[in-house]
Amino acid sequence: MDLHNIREDYKFDSLLEANLLENPFDQFKDWFETYQLLRLKDANAMAIATVDANNLPHNRIVLLKEVREQGFVFFTNYASDKGQQLLHNPNISALFFWREQERQVRITGTVSKLDNKDNTSYFSTRPYLSQIGAAASQQSQEIEDRIALEAKFEAFQQQHPEGSDVPKPESWGGFLITPQSFEFWQGRSGRLHDRIIYSPEGQGWKTKRLQP
Ligand SMILES: Cc1cc2nc3c(=O)[nH]c(=O)nc-3n(C[C@H](O)[C@H](O)[C@H](O)COP(=O)(O)O)c2cc1C
């Protein structure tokens, strides 16, 4: 398969120092809100990379559920591969790719677990089948086949019929990513893309431009 002839030029917008917002969270919200206006499926999807005990990187998509003043929240199973990797090594990279606007945002940082109150209150707002799915799945563990998975799901449904309170599994909860740096990438014509890095300085943030 030869993909050499796939070429794109990027013309949607520019990211110039004169228009940068001082705080990268504001810059993120500005771009994210613009992207959300397109009403695309999974606009809040981000790839998160973690590192295992053998220093091997792993990457997968999760959904951004909240942007707080201190960071970015996603939910998962603490006992999953990613959960275990993060509890062992809290370094994380999160990546958003907003194709239609020719934008990429890269965040590096560290994670901490959300407290149980936050986890329980968010779990209770999830749709019934998502609650059952989360409760019935030991995420990242092997299971013999699809039939066994569905049987587990149905057993949970019988135990906790719709309308009853589905208890949050002990191991299910959120991580808060506290960013240490942000990169905002805006595709430009002729491969002269804009790349702006934010890193902490004093109480605020400083920016620099990287070559594309
Ligand atoms: C669009 C999309 C959204 C997803 N959202 C989540 C999520 O919010 N939390 C989660 O744990 N897994 C989510 N997943 C599944 C993960 O990508 C992954 O398969 C799962 O978390 C197991 O990863 P692990 O074995 O590395 O822990 C999502 C997958 C896709 C494609």
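Scan the strands (runs of 3 or more DSSP E) fully inside the range 17-135 and keep the ones with 2 or more residues being charged (D, E, K, R) and either open to solvent by 20 Å² or more (accessible area, probe 1.4 Å) or within 16 Å of the ligand (Cβ to nearest atom) (or both). Explain how you work it out, then say what you get.
Details: elements: 45-51, 57-63, 72-77, 91-98, 103-113.
Ranges flagged: 103-113.
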_In the range 158-170, the residues that are under 29 Å from the mean Cα position of the chain (by Cα) and either crowded, with 16+ Cβ neighbours inside 10 Å or at positive phi (or both)_ = 166, 168, 169
*Which condition does residue 138 not pass, out of (1) within 16 Å of the ligand (Cβ to nearest atom); (2) touching a residue at least 60 places away in the same chain (Cβ under 8 Å); (3) open to solvent by less than 50 Å² (accessible area, probe 1.4 Å), if it passes all the others?*
(3)
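From the list 153, 184, which one is within 30 Å of residue 52 (Cβ to Cβ), more than 16 Å from the ligand (Cβ to nearest atom) and part of a strand (DSSP E or B)? Walk me through it before giving the result.
Details: 153 fails: part of a strand (DSSP E or B).
When all the criteria are applied, what remains is 184.
I'm trying to understand the selection: among the residues of the range 44-62, which are within 15 Å of residue 106 (Cα to Cα) and not charged (D, E, K, R)? Before the answer, list the steps.
Taking the range 44-62 and keeping what is within 15 Å of residue 106 (Cα to Cα), we get 44-50, 59-62.
Of everything in the range 44-62, those that are within 15 Å of residue 106 (Cα to Cα) and not charged (D, E, K, R) turn out to be 44, 45, 46, 47, 48, 49, 50, 59, 61, 62.
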_Checklist (1) in contact with a strand residue (DSSP E or B) (Cβ under 6 Å, 6 or more places away or on another chain); (2) open to solvent by less than 40 Å² (accessible area, probe 1.4 Å); (3) among the small types (Gly, Ala, Ser) applied to residue 148, failing item_ = (1)
*asked:* Let me spell it out: the conditions are (1) out of contact with any Phe, Trp or Tyr (no Cβ under 9 Å at 6 or more places or on another chain); (2) over 27 Å from residue 41 (Cβ atoms); (3) open to solvent by 80 Å² or more (accessible area, probe 1.4 Å), and residue 208 meets all of them except one. Which number is the exception?
replied: (1)
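Residue by residue, here is whether (1) more than 30 Å from residue 142 (Cβ to Cβ); (2) not β-branched (Val, Ile, Thr) holds:
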position: 8; (1), (2): yes, yes
position: 11; (1), (2): yes, yes
position: 57; (1), (2): no, yes
position: 64; (1), (2): no, yes
position: 88; (1), (2): no, yes
position: 106; (1), (2): yes, yes
position: 110; (1), (2): no, no
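The values are calculated or read from the model by the stated rules, or taken from the named source; none is laboratory data. Source: prediction; values computed, not measured. Using ideal geometry, Cβ is built from the backbone for each residue, glycine included, and neighbour counts are taken over all protein chains shown. For accessibility, only protein heavy atoms count, side chains too; no ligands or nucleic acids. Shrake-Rupley method; radii C 1.70, N 1.55, O 1.52, S 1.80 Å.
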